[in-house]
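The values are calculated or read from the model by the stated rules, or taken from the named source; none is laboratory data. As the structure is a computational prediction, the values presented were derived from the model and not from experiment. Here the Cβ is made from the backbone with ideal geometry for all residues, glycine too, and neighbour counts use every protein chain on show.
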Amino acid sequence: MKFQDITSVLAFAGSALAHGGILSYTIDGKDYISNPYHLSDMTTNGAGDADIPDLTTPSIQRPYYWYPVEDVESSNMTCNYNAISNAPDFHATVPAGGNITAHWTSPEGGIFPYVGLSWRHSHGPMLAYLARCPGDSCANYKPEGAIWFKIAEAGMRPGEKDMTLNSAWWQSEINGYAGYDGEGYHYPAYPEGWSFNLPKRLKKGAYLIRHEIIMTAANPAQFYPNCAQLMVTGEGDKLPAAEVLVAFPGAYKASDPGIVIADWAMGWQPAEPRYNTSDYKMPGPKLWTGGN
Ligand SMILES: [Cu+2]
């Protein structure tokens, strides 16, 4: 079996099984546990002694479900299943310009141990948006309407010319996609995650941060939005103008070129020649750089 054949099989299995979300955040040097739904899925499927998060631990994260959103018009595009944090007033404090790192995991699907494994998808972008919460807190706030602005995105890696390859994507490289050494797949135990800094001059206040992975090796594409609560400090004075704000749902169409890149999907290689390109069009609005 050639390497390409092996990765094709893995991509196929992964598309069906390997869902997930953000397992933890590191924000301004401090770790925050996530808030996943459906731990019963994990225990009934035999998570055993795996290190399952304790959902009574206060989390900055809005709860999420392992399974993807597959309809860009779904209200679950906003913040996954749109529940309220188990600690509504809990925000991660971070100065404007401070660092945000998100660690993804794929704990579902019969691959053991569940917790602490790396993300299992590879193709497609990672994006991050902010929405300002009203008043001084995101507690119980339901984000609706055109309030989101994009602050970070990561698609294909520089120099990559074939978007059908796992290794062409930051999603794969950053999150520790499996390496195959001839005997088996080796997943890093705790990938370093996706890291970026907030805009340096972002106005202080309470924000929801919405990270998103889009898995494009399927049609429909799979969306994995995760939201968490931030309290931004500092003396920044910048916010984007209303015309660059987008809504979720609403920011994407299923037919957007960066979302449907699709028939080669599920690993049926060789891909059509049109996918041998570095020309990937990132979905959503332009990055907002006014706060830098
Ligand atoms: Cu999946």
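Scan the range 53-77 for residues that are farther than 22 Å from Thr26 by Cα, modelled with pLDDT of 85 or more and assigned to a loop (DSSP other than H, G, I, E, B) and report the count. Full working, then the answer.
If we filter the range 53-77 for residues that are farther than 22 Å from Thr26 by Cα, which is where we start, we get 67-77.
Restricting the remaining residues to those that are modelled with pLDDT of 85 or more gives 68-77.
Then drop every residue that is not assigned to a loop (DSSP other than H, G, I, E, B), which leaves 68, 70-74.
Summing the residues that are farther than 22 Å from Thr26 by Cα, modelled with pLDDT of 85 or more and assigned to a loop (DSSP other than H, G, I, E, B) in the range 53-77 gives 6.
Select from the range 14-37 the residues that are within 16 Å of the ligand (Cβ to nearest atom) and exposed (fewer than 15 other Cβ atoms within 10 Å of the Cβ) and write down the one among them that is modelled with the lowest pLDDT. I'd like the intermediate steps shown before the answer.
To start, the set of residues in the range 14-37 that are within 16 Å of the ligand (Cβ to nearest atom) comprises 14-23, 36-37.
Keeping just the survivors that are exposed (fewer than 15 other Cβ atoms within 10 Å of the Cβ) gives 16-17.
On the way: Ala16: 41, Leu17: 51.
The selected residue is Ala16.
Taking the range 78-91, which residues are farther than 13 Å from Cys133 by Cβ and buried (at least 22 other Cβ atoms within 10 Å of the Cβ)?
Thr78, Asn80
Which number in (1) at pLDDT 95 or above; (2) under 20 Å from the mean Cα position of the chain (by Cα); (3) hydrophobic (A, V, I, L, M, F, W, C) marks the one condition that Cys133 misses?
The one condition Cys133 does not meet is (2).
Residues are listed down the side, and each one gets a yes or a no for (1) closer than 30 Å to Arg201 by Cβ; (2) within 16 Å of the ligand (Cβ to nearest atom):
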{"position": "Ile60", "(1), (2)": "yes, no"}
{"position": "Pro63", "(1), (2)": "no, no"}
{"position": "Tyr67", "(1), (2)": "no, yes"}
{"position": "Val72", "(1), (2)": "no, no"}
{"position": "Asn80", "(1), (2)": "yes, yes"}
{"position": "Asn86", "(1), (2)": "no, no"}
{"position": "Ala92", "(1), (2)": "yes, no"}
{"position": "Ala96", "(1), (2)": "yes, no"}
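Within the range 116-152, can you find the residues that are within 30 Å of Leu165 (Cβ to Cβ) and of a type in the set (S, T, N, Q)?
The first filter runs over the range 116-152 and keeps only residues within 30 Å of Leu165 (Cβ to Cβ), leaving 116-129, 150-152.
Answer for the range 116-152, where residues must be within 30 Å of Leu165 (Cβ to Cβ) and of a type in the set (S, T, N, Q): Ser118, Ser122.
Looking at Ala221, Ala206, Ala247, Ala254, can you tell me which residue is modelled with pLDDT of 85 or more, under 25 Å from Tyr81 (Cβ atoms) and either within 15 Å of the ligand (Cβ to nearest atom) or not hydrophobic (A, V, I, L, M, F, W, C) (or both)?
Details: Ala206 fails: either within 15 Å of the ligand (Cβ to nearest atom) or not hydrophobic (A, V, I, L, M, F, W, C) (or both); Ala247 fails: either within 15 Å of the ligand (Cβ to nearest atom) or not hydrophobic (A, V, I, L, M, F, W, C) (or both); Ala254 fails: either within 15 Å of the ligand (Cβ to nearest atom) or not hydrophobic (A, V, I, L, M, F, W, C) (or both).
Testing whether each residue is modelled with pLDDT of 85 or more, under 25 Å from Tyr81 (Cβ atoms) and either within 15 Å of the ligand (Cβ to nearest atom) or not hydrophobic (A, V, I, L, M, F, W, C) (or both) leaves just Ala221.
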